[in-house]
Amino acid sequence: MTDQATHAHLNDPEHAQHRIVTPLQYFFVYIIMLALTGLTCAAAFVDLKWANAVIAVGIACTQATIGALFFMHAAFQSRLIKLTIGAGVFVFLVMVTMTMSDYMSRSWGMW
Amino acid sequence: MSTAIGNTIVSLPDQSTAQLPKRHYINNEYGLLSWLLTEDHKRIALLYLFSVTFFFFIGGAFAGLIRLELLTPQPDLVAADTYNKFFTMHGLIMIFLFLVPSIPGVLGNFLIPLMIGAKDLAFPKLNLLSWYVYMAGGTLTLAALVLGGVDTGWTFTTPLSTHYLNTHVITAAMAIFITGFSSILTGINFIVTIHRMRCPGMTWFRMPLFLWSHYAASLLMVLGTPVLATTLVLVALERLFGIGIFDPAKGGDPLLFQHLFWFYSHPAVYIMILPGMGVVSEVISTFSRKRIFGYTAVAFSSVAIALFGFFVWEHHMFIMGVSSYSALVFSLLTMLVAVPSAIKIFNWAFTLQKGSITFETPMLYCFGFMGLFTIGGLTGVFLGSLGMDIHLTETYFVVAHFHFVMVGGGLMAFLAGIHFWWPKMTGRMYPETISKLAAVTTFIGFNLTFLPQFVLGYLGLPRRYAAYPPEFQVLNVLSTAGATVLGFGYMLPLLYLAWSLKYGAIAGSNPWQATGLEWQIASPPPTENFTEIPIMDHEVYDYEWLANKTKKEVTTVG
Amino acid sequence: MDSALATTDPADLHAGQEHGHVSLPQHRHHFETVEQQREAGSFGMWLFLLTEIMFFGGMFLAYLLYRNWYYPAFVVASNQLSVRIGTINTMVLITSGFCMAIGVWAAEVRRRSLLVAMLVTTTLLGVLFLSLKYGEYHEKYELHHIPGNNFNISMFTNPAGYGIKEAPLPPDMAQKTQVFFFLYFAMTGMHALHMIIGLGILCWLISRARRGDFSAGYVAPVENFALYWHFIDVVWLFLYPLLYLINRHPMH
């Protein structure tokens, strides 16, 4: 079932072959998600200075990516859908960075 | 069939024998419920047309009251806080209940499936839902008005809205919150439809520019509106429970509200103007009988405006204490938006060059659009430059600037579009002479109203005050006189368009000899739009293809 | 939007069943093919999730700002949340997401009873999450840690008096814990609201799944709802470290 996805619409950015993910694949994803949760929790109890926040957000982003790719099937979707997700993340980042550019440059060194 | 008479390209069927098609979307079913429960995009467009017109005239009534109050320097018609309610309701209704849904809700709904050769939008039920959500938001706005009004200004500025006012802020905020969902649903529907429902042969670069601009506006609706929703919820919570997110006394930051609010509300300006630009592209091409000059550039400039729109919001906040470094960046980015806008204006001008131009009403409105939008856009560059902005912010210069963009741009385009597609929507022509009069009246009235406000603002008259120093009275009287003319110019179409429903000349399927797919089917269109799905086998705006097609039709008939 | 959509199912070809796609009763007339309908539906759903990103995005922005401004208050306030319940809830949500994913698979391979079982499990786990969340909210209510007029900062100015091993905060910084708790309630509350809506839709899906609506090749509602449900999980995966795990290690 894993190899069937790749013939008809290979070069069409707007369409993708429908594809079923097997329970075993879901189970692997599930275990990874649980392990990462444990990891993020454990990492918080170790003093790593500024790296604590980076690790926490990094693991959350990894989990979100895995969840989107496999639970939400984004990995098997057309480029259009991937672009859609990317657009959301991009505009969110624009909002955050452009706003923060104001706050951070308003009081140099206070951050 | 097509004989150009004099200086017009209008070609109507022989009126003595012409008839409307026996079955079309309006007479397909009867009864109120057939309208209230319809899933037909064309009927929903008409529902939108009635409701946005209704709200337009309510918002217009408030504009009239504002101008009446400003006739004299003293606050003698109404008290100052009543005046505050007037301009708040004027802003809320005109922006959220008229300008944002007007062109997408009416023309977009009606035309997008027709232009791409589809039977309907992708989600007809969502489309109907979006109208109901819009009506719920509108009703709640009216409720806020009837209960005693709201006087925050349309911007809900904190801490004014959260701490200092005792009016119906929460009702109004919830009304706008709800209306936002209508906009989101419309945006999702348009994007999916344009991606998924195009007929065979309708590639991206064969789409009419109307679709490109609606696509760009829909992106803004989908990505921007939710931020406004969050912001309004936070304002309501702050007001209800005093939670402190925007309250400096509790550690909150009112500027965060401004950032979040303008993150939506600046792109919202492009939600209002981009669909209008789409209308102008269609009209200018049709009445100069030419393919739009630089089609690709115009198409991509729509997307560029949508993209840049998310990078400039801080120019609404230059005087609010934002970082001067960041203001510098935002000022520069603001200037960048002028580039795609100018690309459009220049390309339309080059389309007109050596075209066979005729001056039907939609074209007159579009000329109005080009001139007024250019002035509005250029004064926007003034306001985007940091030094000028400090002098001009919160004066009538800003008021004049955004009215030039939104009324001179958005509303002119809406009227151009309504006249242009009126024969398609109703099957009948509007009366040409009086509608030309209306277009000219609107243009004159508009300039009389808002040009004096540039001067007033430059001289330093602040906006949002019921009273002003006596030396400003002459210009204010001019402005009020202009508003009267303008109001007359807006009443006229209401009257003669209603008249034309019964007495207008039968339009036939393609009165303008336009090339769009929507003009190749009967007017009004049948419920299912196309009896068989069309195949787009020619380029967009291909007037030779149309001429050949018409010639063939004549030979087969003759 | 879900109900209007149908799907094609490669599994039915594998199973060798003769099942003409066009004959699906859920195929709506304005779509040319069922495939077009399914793709339109899932694209629409993704666009809706895009709006959700921006909806939560505003609150994440506020969080980022205030966390940087009032870091000491955020640390102490965050440490008053139960990391145990938070972690358990994260696991519960991941498990419910897993069950939902299995549910989609069950619908695709047309196993009705498995689908119903998975949907019910998902629902129960969702309810479990909300009850644990309710317990947390209730505790905050009793401690007067709900922002507003009754907010009480004494636990943060005098932690020793409450038996808490934290350095006392000066009163003005202690006041800022209210900002943390506001964001905590706004973000988790909005998340919980999405879950409640999701549970409502789940009940409706269960009743339809029991009738066998989704085990005959028409999977779109289950598939699209799963996207929504996974999205809520993903939001929580960010909320959990940001709200519960700001600084769990001893500072000194």
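The values are calculated or read from the model by the stated rules, or taken from the named source; none is laboratory data. Keep in mind that this is a model prediction, so the values were computed, not measured. Counting neighbours? That spans all protein chains shown, and the Cβs are built from the backbone with ideal geometry, glycine included. What goes into the accessible areas is simple: the full protein's heavy atoms, side chains included, and nothing from ligands, DNA or RNA. Shrake-Rupley method; radii C 1.70, N 1.55, O 1.52, S 1.80 Å.
Listed here are the helices (runs of 4 or more DSSP H) enclosed by the range B:348-444 that have at least 2 residues being touching a Ser or Thr at 6+ places or on another chain (Cβ under 6 Å): B:361-384, B:412-426.
Checked against the criterion of being within 25 Å of B:K436 (Cα to Cα) and under 21 Å from the mean Cα position of the chain (by Cα), the candidates B:L307, B:L372 yield just one match: B:L372.
Quick check on A:Y30: is it modelled with pLDDT of 95 or more and within 20 Å of C:M91 (Cβ to Cβ)? Yes: the conditions hold for A:Y30.
Okay, residues lined up against (1) exposed (fewer than 15 other Cβ atoms within 10 Å of the Cβ); (2) assigned to a helix (DSSP H, G or I); (3) in contact with a Cys (Cβ under 9 Å, 6 or more places away or on another chain):
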residue: A:I20; (1), (2), (3): no, no, no
residue: A:F27; (1), (2), (3): yes, yes, no
residue: A:T37; (1), (2), (3): no, yes, no
residue: A:V54; (1), (2), (3): yes, yes, no
residue: A:F70; (1), (2), (3): no, yes, no
residue: A:G86; (1), (2), (3): yes, yes, no
residue: A:V91; (1), (2), (3): no, yes, no
residue: A:M95; (1), (2), (3): no, yes, no
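Those residues that are open to solvent by 10 Å² or more (accessible area, probe 1.4 Å) and more than 9 Å from chain C (Cβ to nearest Cβ), I need them from the range B:250-271; list them, please. Across the range B:250-271, the qualifying residues are B:P254, B:L255, B:Q258, B:W262, B:H266, B:V269, B:Y270.
Screening the candidates B:F246, B:F210 for the property of being of a type in the set (F, W, Y) and within 14 Å of chain C (Cβ to nearest Cβ) yields one hit, B:F246.
Among the numbered conditions (1) assigned to a helix (DSSP H, G or I); (2) open to solvent by less than 30 Å² (accessible area, probe 1.4 Å); (3) in contact (Cβ under 8 Å) with a residue 40 or more places away in the chain, the only one that B:L145 does not meet is (2).
In the range C:38-59 there is at least one residue matching the filter, namely being out of contact with any strand residue (DSSP E or B) (no Cβ under 6 Å at 6 or more places or on another chain), modelled with pLDDT under 90 and not β-branched (V, I, T). Of all residues in the range B:187-222, those being assigned to a helix (DSSP H, G or I) and open to solvent by less than 10 Å² (accessible area, probe 1.4 Å) number 19.
Please verify whether B:T179 is buried (at least 21 other Cβ atoms within 10 Å of the Cβ) and either without any contact (Cβ under 8 Å) to a residue 40 or more places away in the chain or in contact with a strand residue (DSSP E or B) (Cβ under 7 Å, 6 or more places away or on another chain) (or both), treating the condition exactly as stated.
Against the criterion (buried (at least 21 other Cβ atoms within 10 Å of the Cβ) and either without any contact (Cβ under 8 Å) to a residue 40 or more places away in the chain or in contact with a strand residue (DSSP E or B) (Cβ under 7 Å, 6 or more places away or on another chain) (or both)), B:T179 does not qualify.
Residue count for the range C:196-225 satisfying the condition of being closer than 17 Å to C:A101 by Cβ and part of a helix (DSSP H, G or I): 12.
Looking at the range C:63-176, the helices (runs of 4 or more DSSP H) lying wholly inside it that each contain 3 or more residues that are open to solvent by 10 Å² or more (accessible area, probe 1.4 Å) and within 30 Å of A:F70 (Cα to Cα) sit at C:83-108, C:112-142. Residues in the range C:193-202 that are in contact with a Leu (Cβ under 9 Å, 6 or more places away or on another chain) and open to solvent by 10 Å² or more (accessible area, probe 1.4 Å): C:I196, C:L199. Only a single item in (1) more than 10 Å from chain C (Cβ to nearest Cβ); (2) closer than 23 Å to B:M135 by Cα; (3) surrounded by fewer than 24 Cβ atoms within 10 Å (Cβ to Cβ) is not met by B:V235, and it is number (3).
When each of B:A327, B:A304, B:A338 is tested for being touching a Leu at 6+ places or on another chain (Cβ under 7 Å) and of a type in the set (A, V, I, L, M, F, W, C), the lone residue that passes is B:A327.
Among the residues of the range B:49-90 satisfying the criterion of being within 17 Å of B:M491 (Cβ to Cβ) and among the aliphatic types (A, V, I, L, M), which is most open to solvent (accessible area, probe 1.4 Å)? Once the filter is applied, the top-ranked residue is B:L68.
Taking the range A:66-88 as the region of interest, how many residues are within 11 Å of chain B (Cβ to nearest Cβ) and of a type in the set (A, V, I, L, M, F, W, C)?
Within the range A:66-88, residues that are within 11 Å of chain B (Cβ to nearest Cβ) and of a type in the set (A, V, I, L, M, F, W, C) number 4.
Each residue in the range B:511-542 was checked for being among the β-branched types (V, I, T) and surrounded by 18 or more Cβ atoms within 10 Å (Cβ to Cβ), and 4 of them qualify. Could we say that A:H18 is at pLDDT below 80 and more than 7 Å from chain C (Cβ to nearest Cβ) here? Judged against the criteria, A:H18 is not a match. May I ask you to list the residues in the range B:426-460 that are buried (at least 20 other Cβ atoms within 10 Å of the Cβ) and closer than 11 Å to B:A400 by Cβ? Correct list: B:F446, B:T449, B:F450, B:P452, B:Q453, B:F454, B:L456, B:G457. Working carefully through the options B:T358, B:T334, B:T351, find the one that is out of contact with any strand residue (DSSP E or B) (no Cβ under 6 Å at 6 or more places or on another chain), open to solvent by less than 50 Å² (accessible area, probe 1.4 Å) and free of Cβ contacts under 8 Å to residues at least 60 places away in the same chain. After applying the criteria, what remains is B:T334.
Evaluate the following for B:I375: is it surrounded by fewer than 24 Cβ atoms within 10 Å (Cβ to Cβ), touching a Phe, Trp or Tyr at 6+ places or on another chain (Cβ under 8 Å) and among the aliphatic types (A, V, I, L, M)?
Judged against the criteria, B:I375 is a match.
Every residue in the range C:35-51 that is within 15 Å of C:N224 (Cβ to Cβ) and more than 7 Å from chain B (Cβ to nearest Cβ), please.
Residues satisfying the conditions are C:Q37, C:R38, C:G41, C:S42, C:M45, C:W46, C:L49.
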